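Trainee: Quick one: structure below, then a few questions.
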Amino acid sequence: MRGSARLLFAWGWMVVAGCSTKTLVTPPARTLNDQLLLDQALEQSLANARLPIPADKSVAVEIAGLTADKDFIQAAVVRWLARQGLRVPADKQEDYLLRVRVHAFGTNLNDIFVGIPPVSAGLFPISLPELALYKDQDELAVARFSADLFQRKTGRLLASTPVYEGYSELEDGTLLFVFSRRTSNLDPPAP
C-alpha cells in the first residue's frame, strides 16, 4: 500500500509540476496564423466604417499609430476607399485628407497547459513527448481605429468617425492526450 501511495504521489507531483498558464504578446515575427487573423480583423473593422464623402472624390490617406504595420494598414484603407468609389491619387491635389488613428493592431496569445511538458535527457538520448491532460491555446487579433476627415485645401476638420473594431480568433485544444479541437472565426478564401 505504501509503495502505491508513493507512486501515486510521485505521478501527481509530476502532473502538477507540468501545469502552467501564461498570457503573452506574440513575438515580433508574424506567424502565418498571426497574419491571417490580423488581416481578417482589419477587414472586419473596415467593413463597419462609414465616411461622409461623395463618390468620385479624391482622398489622401495618413496612418498614425504605435504599430510597425502602417504600410499594410494603409494599403487596406486605400483598397477600401477605392471600393467606395473614391480616388487615392497621392498627388497632393486631393479634395480630402483622411487621417486614420490606429488604436490597436496586434495579437494576444493565451496558453493553458496541464500535464507533463516534453522532456529531453541530457545524458541519455531519451526524450518524452508532451503529455497534455488539458491544453488550450487561444490567439486573438484586434484591429481598432478611428479617422478624422479634413478638407485638404483649408485643413478644416469635416468629420470624425467613431472607433471601429474588428476581431478574429483561433483556438486549439487537447484533452486527455488524444482529443483535439480547433475552432476559428476565419473566413475561408473566396472562390
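Trainee: Once you put a point 7 Å from the Cα of LEU175 and another 7 Å from the Cα of ALA64, both along the Cβ direction, what distance in nm separates them?
Mentor: About 4.9 nm separates the two model spin labels.
Trainee: How much accessible surface area, in Å² rounded to 10, belongs to the heavy atoms of SER146 with a 1.4 Å probe?
Mentor: Rounded to the nearest 10, the figure is 20 Å².
Trainee: Report the local net charge at ALA76: Lys and Arg +1, Asp and Glu -1, summed over other residues whose C-beta lies under 13 Å from its C-beta. Write down the numbers at each step before the final one.
Mentor: Details: positive: LYS70, ARG79, ARG83; negative: ASP39, GLU43, ASP69, ASP71.
Charge balance near ALA76 sits at -1.
Trainee: Starting from the residue with the highest accessible area, list PHE72, PHE179 in decreasing order, probe 1.4 Å.
Mentor: Putting PHE72, PHE179 in descending order of accessible area: PHE179, PHE72.
Trainee: Give a residue-ordered list of calculated ³J(HN,Hα) values for region 48-54 (Karplus: 6.51 cos²θ - 1.76 cosθ + 1.60, θ = phi - 60°; whole Hz; x for Gly, Pro).
Mentor: Calculated HN-Hα couplings, in order: 8, 6, 9, 10, x, 10, x Hz.
Trainee: Can you give the accessible area of GLU130 in Å² (nearest 10), computed on protein heavy atoms with a 1.4 Å probe?
Mentor: 80
Trainee: Given the whole protein assembly as supplied and a 1.4 Å probe, what does the accessible area of ILE112 come to in Å², nearest 10?
Mentor: About 60 Å², ignoring ligands and nucleic acids.
Trainee: With θ set to phi - 60° and the Karplus curve 6.51 cos²θ - 1.76 cosθ + 1.60, what are the ³J(HN,Hα) couplings of region 32-40 in order, to the nearest whole Hz, using x for Gly and Pro?
Mentor: 4, 4, 4, 4, 5, 5, 5, 4, 5
Trainee: Gain in length, ARG83 to LYS57, computed as 0.36 nm per residue apart minus the alpha-carbon separation, to one decimal in nm? Before the final figure, lay out the partial values.
Mentor: Details: separation 26, 0.36 × 26 = 9.36 nm, distance 1.25 nm.
Length difference between fully extended and current span is 8.1 nm.
Trainee: Between SER160 and GLN137, what's the calculated FRET efficiency when r is the beta-carbon distance and R0 is 25 Å? Round to 0.05.
Mentor: 0.10
The values are calculated or read from the model by the stated rules, or taken from the named source; none is laboratory data. Because the structure is a prediction, the values reported are computed rather than measured. Please note: Cβ atoms are built from the backbone with ideal geometry, for glycine as well, and neighbour counts cover all protein chains shown. Surface areas here come from the heavy atoms of the whole protein model, side chains and all, with no ligands, DNA or RNA. Shrake-Rupley method; radii C 1.70, N 1.55, O 1.52, S 1.80 Å.
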